[in-house]
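Heads up, the thing below is written out as structure tokens.
The values are calculated or read from the model by the stated rules, or taken from the named source; none is laboratory data. Keep in mind that what you see is a predicted model, and the values were worked out from it rather than measured. All Cβ positions, glycine included, derive from the backbone under ideal geometry; neighbour counts span all protein chains shown. What goes into the accessible areas is simple: the full protein's heavy atoms, side chains included, and nothing from ligands, DNA or RNA. Shrake-Rupley method; radii C 1.70, N 1.55, O 1.52, S 1.80 Å.
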Amino acid sequence: LFCISLVTKLLGRIYYFNPASKSPGSLPPNVSAAVNGVAFCGTLAGQLFFGWLGDKMGRKKVYGMTLMLMVICCLASGLSFGSSAKGVMATLCFFRFWLGFGIGGDYPLSATIMSEYANKRTRGAFIAAVFAMQGFGNLTGGIVAIIVSAAFKSRFDAPAYRDDRAGSTVPQADYAWRIVLMFGAIPALLTYYWRMKMPETARYTALVAKNDKKAAADMARVLNVELVDEQEKAAAATAAAAEEEAARREQYGLFSREFARRHGHHLLGTTVCWFVLDIAYYSQNLFQKDIFSAIGWIPEAKTMSALDELYHIARAQTLIALCGTVPGYWFTV
């Protein structure tokens, strides 16, 4: 989600270069908004769709679908094609939307799977730990961009924009942003084997699929213990839980007054806090590159080459992730 903010300045220099301008090329406001924000439109849609599908088909199946969608669209984003700037940006936005759609599915599924595996005592910390991995994703994106920009700079050195407007952006810079975007597929792909080996959550199997014995057997696998003597007890317990759940659901639905009375203030408090937090958090992560320039934390764009600017942005973003985002997440856990 966040590596796009590392490369948007570079995209502007490559595709919107104007030799008559004293400043390096930059994405027009509407294009910038689309490139930065389209993945979040996909995320919203993906959360709703895959959250619903996870209840219908099971967590495990849909978890695999979202992963493959993320991997494919991550690679496709880096392969964005077109004969014009508008064509490349349109293709990039298309694949970023579907990447967001897959990421959106991963949000509710990851949290739900973790909550359904965890016990009541550790559930909060485990769900917080799931989201804390986002901090490491942010950090990794910055580190990858630093390595890529430094490697390209050492191989294809270029003058600052004010010294040579056309020469400040080497043709090979077009590969740099693509590599940064595509690299996101690698850590995602590495989890595929374990996602497929993971059994369906016992709570889903017992309460939705109504298969108590399989739920007990799956829990035995997860806990890595023999539950031969305990399986009958476990089956009885899950059956009782299923009956209780069914009775409770018959009493009131999600959009009923009873639900609002029992859980409405919890749901409202959580969602409002989460929503307000995300306005600040996602905006800051997407647009902090502009803040860096405004406060003078990185040099003026015209005093750098395209790859040099990518390096400075990545370094600043990595520093924030290292000193703020990652420690903050784990303090929360």
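Do any of Lys9/Lys86; Lys120/Lys214; Lys56/Lys120; Lys61/Lys197; Lys61/Lys214 go past 20 Å between their Cα atoms, and which?
Values: Lys9/Lys86 16 Å; Lys120/Lys214 22 Å; Lys56/Lys120 25 Å; Lys61/Lys197 11 Å; Lys61/Lys214 16 Å.
Correct reply: Lys120/Lys214; Lys56/Lys120.
Just to confirm the filter: which trypsin sites (Lys or Arg not before Pro) across the range 82-144 are DSSP coil and have at most 10 other Cβ within 10 angstrom of their Cβ?
Lys120, Arg121
Rounded, prolate or oblate: which fits the range 64-165, taking a ≥ b ≥ c as square roots of the Cα gyration tensor eigenvalues, rounded meaning a/c under 1.5, else prolate when a/b beats b/c?
Because a/c hits 1.5 or more and a/b fails to exceed b/c, the range 64-165 counts as oblate.
Springs between alpha-carbon atoms under 10 Å, Gaussian network over the chain: tell me which of Leu11, Leu181, Leu254 tops the mean-square fluctuations.
Among Leu11, Leu181, Leu254, the largest mean-square fluctuation in the Gaussian network model of the chain belongs to Leu254.
Using +1 at the C-beta of Lys and Arg and -1 at the C-beta of Asp and Glu, which of Leu67, Ser80, His263 has the Cα lying farthest in the positive direction of the dipole of the range 2-332?
My answer, from the dipole projection, is Ser80.
What is the distance, in nm, between label points placed 7 Å from the Cα along the Cα-to-Cβ direction at Cys323 and at Ala151?
2.8 nm
What accessible area per residue, rounded to a whole number of Å², is obtained for the chain using a probe radius of 1.4 Å?
Details: 17910 Å² over 333 residues.
Accessible area per residue, the chain: 54 Å².
Give the residue from Ile127, Leu277, Leu181 lying farthest towards the positive end of the charge dipole for the chain; charges sit on Cβ (+1 for Lys and Arg, -1 for Asp and Glu) and the dipole is referred to the Cα centre.
Leu181
Calculate the spin-label point distance for Asp290 paired with Arg121, positioning each point 7 Å from the Cα along the beta-carbon direction, and give it in nanometres.
With each label placed 7 Å out from Cα toward Cβ, I get 4.9 nm.
I'd like to compare 87-93, 273-279: which one has the highest average count of other Cβ atoms within 10 Å, and what's the full order after that?
Put in order of decreasing packing, that is 87-93, 273-279.
Using the scaling law 2.2 N^0.38 Å as the reference, what is the normalised Cα Rg of the range 17-80?
Working: Rg = 17.7 Å, N = 64, 2.2 N^0.38 = 10.7 Å.
For the range 17-80, the normalised Cα radius of gyration comes out at 1.66.
Just checking my list (1) -0.37, -1.13; (2) -0.30, -1.28; (3) -0.44, -1.13 against log10 I(q)/I(0) by the Debye sum over Cα atoms at q = 0.07, 0.14 Å⁻¹ computed from this structure; which label fits?
Evaluating log10 I(q)/I(0) by the Debye sum over Cα atoms at q = 0.07, 0.14 Å⁻¹ on these atoms matches (1).
Of the heavy-atom accessible surface of the chain (probe 1.4 angstrom), what whole percent is carbon and sulfur?
Carbon and sulfur: 66 percent of the exposed surface of the chain.
Cα gyration tensor of the range 99-152, axes a ≥ b ≥ c as square roots of the eigenvalues: rounded (a/c below 1.5), prolate (a/b > b/c) or oblate? Spell out each step's value before the answer.
Working: a/c = 5.59, a/b = 2.17, b/c = 2.57.
It comes out oblate by the Cα gyration axes.
How large is ³J(HN,Hα) for each residue in the range 105-119, as worked out from phi by the Karplus curve 6.51 cos²θ - 1.76 cosθ + 1.60 (θ = phi - 60°), to whole Hz, x for Gly and Pro?
Result, rounded to whole Hz: x, 5, 4, x, 5, 4, 5, 5, 4, 5, 5, 7, 8, 7, 8.
With +1 on each Lys and Arg Cβ and -1 on each Asp and Glu Cβ, and nothing else charged, work out how big the dipole of the chain is about its Cα centre, in Debye to the nearest 20.
In total the dipole reaches around 320 debye.
Please name whichever of Leu92, Val31, Ser110 sits farthest to the positive end of the charge dipole of the chain, dipole taken about the Cα centre and charges placed at Cβ: Lys and Arg +1, Asp and Glu -1.
Result: Val31.
Under the rule of at least 5 residues apart or a separate chain, name every residue whose amide H is placed under 5 Å from the amide H of Arg162.
Under 5 Å from the amide H of Arg162 lie the amide H atoms of Met304, each far enough along the sequence or on another chain.
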